[in-house]
Amino acid sequence: MRSLLTWFGACVLFLCAVSAQAATWKFNVFLDGLQEVPPNASPGYGDALALLNDSTGMIDISGTFSSLLGTSNNAHLHGYAPAGINAAAIFPLTYEIGVTSGTFSGSGSVDVAQTLAGKTYINIHSTVIQRVNPRLCRGTRAV
């Protein structure tokens with residue numbers, strides 16, 4: 001009986017270990033003014049890569065932007081709201097200040113369910129049109 005319980009306990013621990021394995025979600029993000037609320041005609045665009053650990057809730061973001069009207073003056077990850085609705089900043093991104101083209105990056109903690117539901121987005125602000133707003137709405141699970 002004792003060996004049966006030991007075997008059963010080992011099986012339960014194995015199943016818990018397997019189900020607790022973290023996954024990394026990879027998001028390829030396109031930035032443009034048409035995704036902003038309300039949409040704008042900025043020629044600004046960019047792209048980003050975001051990696052989300054669904055166990056810890058940590059997200060790492062890196063990307064580039066180009067052709068802003070005016071110069072860059074802020075950058076954030078925002079959430080949590082569906083497409084078409086603005087949301088508060090979750091954390092700031094490091095970016096090149098005062099340029100029309102540059103890079104940005106950052107890491108922080110997010111609500112995994114809300115992020116996987118497409119309710120977070122990146123904003124690059126400029127001195128002329130205040131935001132180039134992509135949404136993290138398309139993502140694939142990285143193996």
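The values are calculated or read from the model by the stated rules, or taken from the named source; none is laboratory data. Please read all numbers here as calculations on a predicted model, not as lab measurements. Cβ: placed from backbone, ideal geometry, glycine included. Neighbour counts: every protein chain shown.
Which residues, counting only those in the stretch 82-97, are at pLDDT below 90 and out of contact with any strand residue (DSSP E or B) (no Cβ under 6 Å at 6 or more places or on another chain)?
Passing the criteria: 82, 84, 85, 86.
For every residue, the table says whether it meets (1) within 18 Å of residue 34 (Cβ to Cβ); (2) hydroxyl-bearing (Ser, Thr, Tyr).
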site	(1), (2)
68	yes, no
72	no, yes
76	no, no
81	yes, no
89	no, no
92	no, no
102	no, no
108	no, no
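Looking only at the stretch 96-122, count how many residues are more than 11 Å from the chain's Cα centre (by Cα) and either of a type in the set (Lys, Arg) or buried (at least 21 other Cβ atoms within 10 Å of the Cβ) (or both).
1
Quick one: in the stretch 26-70, which of the residues that are surrounded by 16 or more Cβ atoms within 10 Å (Cβ to Cβ), over 16 Å from the mean Cα position of the chain (by Cα) and among the hydrophobic types (A, V, I, L, M, F, W, C) is modelled with the highest pLDDT?
68
Restricting attention to the stretch 105-143, report how many residues are out of contact with any Pro (no Cβ under 9 Å at 6 or more places or on another chain), modelled with pLDDT of 95 or more and within 15 Å of residue 63 (Cβ to Cβ).
Residues that pass the stated criteria total 2.
What number goes with the only condition from (1) touching a residue at least 40 places away in the same chain (Cβ under 8 Å); (2) of a type in the set (Val, Ile, Thr); (3) over 23 Å from residue 26 (Cβ atoms) that residue 64 does not pass?
(3)
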